[in-house]
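Student: The structure under discussion is supplied below as structure tokens; questions concerning it will follow.
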Amino acid sequence: MCRSIKTLFNFDPPASTDEVRAASVQFVRKLSGFNAPSEANEDAFNLAVERVSAAAQEMLNSLVTNAPPRDRE
């Protein structure tokens with residue numbers, strides 16, 4: 001679906017808040033069809049990004065694995 005969204009789980013160091021937010025922006029852009037929302041839709045777009053970011057961060061914090069962390073390179 002969103003090819004520019006990268007896997008963020010199980011990396012050392014863990015995904016940063018900025019990386020989670022960037023992935024959330026890409027997801028909301030895909031859902032809305034807006035690359036940049038109009039002024040009329042900006043508040044709804046930004047609220048969606050914040051909520052998706054919070055949910056994504058919560059999920060990443062809750063996931064567990066026995067696999068060794070992946071290297072970012």
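The values are calculated or read from the model by the stated rules, or taken from the named source; none is laboratory data. All values reported here derive from a predicted model rather than from experimental measurement. Please note: Cβ atoms are built from the backbone with ideal geometry, for glycine as well, and neighbour counts cover all protein chains shown. Surface areas here come from the heavy atoms of the whole protein model, side chains and all, with no ligands, DNA or RNA. Shrake-Rupley method; radii C 1.70, N 1.55, O 1.52, S 1.80 Å.
Student: Amide H to amide H under 5 Å from PHE11: which residues, 5+ apart in sequence or cross-chain, H placed 1.01 Å off N in plane?
Tutor: ARG70
Student: In the chain, once you exclude exposed trypsin sites (Lys or Arg not before Pro) (DSSP loop, at most 11 other Cβ within 10 angstrom), what's the longest stretch remaining?
Tutor: 4-71
Student: I would also like to ask the following. Students often get this wrong, so try it: which of (1) 39, 23, 13; (2) 45, 21, 18; (3) 34, 28, 21 is Cα extents along the principal axes in Å as calculated from the structure shown?
Tutor: (2)
Student: Quick one: 3J(HN,Hα) in Hz for segment 48-54, Karplus 6.51/-1.76/1.60 with θ = phi - 60°, rounded, Gly and Pro as x.
Tutor: Per residue, the Karplus-derived 3J(HN,Hα) values read 4, 4, 5, 5, 5, 4, 5 Hz.
Student: Expressed as a rounded percentage, what relative contact order does the chain have, with Cα pairs under 8 Å and six or more residues apart?
Tutor: 45
Student: Just the number, please: carbon plus sulfur as a percent of the accessible area of the chain, 1.4 Å probe, no ligands or DNA/RNA counted.
Tutor: Carbon and sulfur atoms account for 52 percent of the accessible area of the chain.
Student: Then there is this: Which ³J(HN,Hα) values, rounded to whole Hz and listed in residue order, are derived for segment 19-34 from phi using the Karplus coefficients 6.51, -1.76 and 1.60 in 6.51 cos²θ - 1.76 cosθ + 1.60 with θ = phi - 60°, glycine and proline given as x?
Tutor: With coefficients 6.51, -1.76 and 1.60, one gets 5, 5, 5, 4, 5, 5, 4, 4, 5, 5, 4, 5, 5, 7, x, 9 Hz.
Student: Still on this structure, I have one more. Suppose every K and R has +1 on its Cβ and every D and E has -1 on its Cβ; what is the size of the dipole of the chain about the Cα centre, in Debye to the nearest 20?
Tutor: In total the dipole reaches around 320 debye.
Student: Now a separate question. For segment 60-70, take each phi angle, set θ = phi - 60°, evaluate the Karplus expression 6.51 cos²θ - 1.76 cosθ + 1.60, and give the result in whole Hz per residue in order, putting x for glycine and proline.
Tutor: 4, 5, 8, 5, 10, 7, 9, 6, x, x, 7
Student: Using a Gaussian network model of the chain with C-alpha springs under 10 Å, which one of ALA36, ALA15, ALA56 is most mobile by mean-square fluctuation?
Tutor: ALA36
Student: Might you work out the accessible area of VAL52 for me, using a 1.4 Å probe with all protein chains in place, and round it to the nearest 10 Å²?
Tutor: 40
Student: Taking the full set of protein chains and a 1.4 angstrom probe, give the accessible area of LEU60 in square angstrom, rounded to the nearest 10.
Tutor: Estimated to the nearest 10 Å², LEU60 gives 30 Å².
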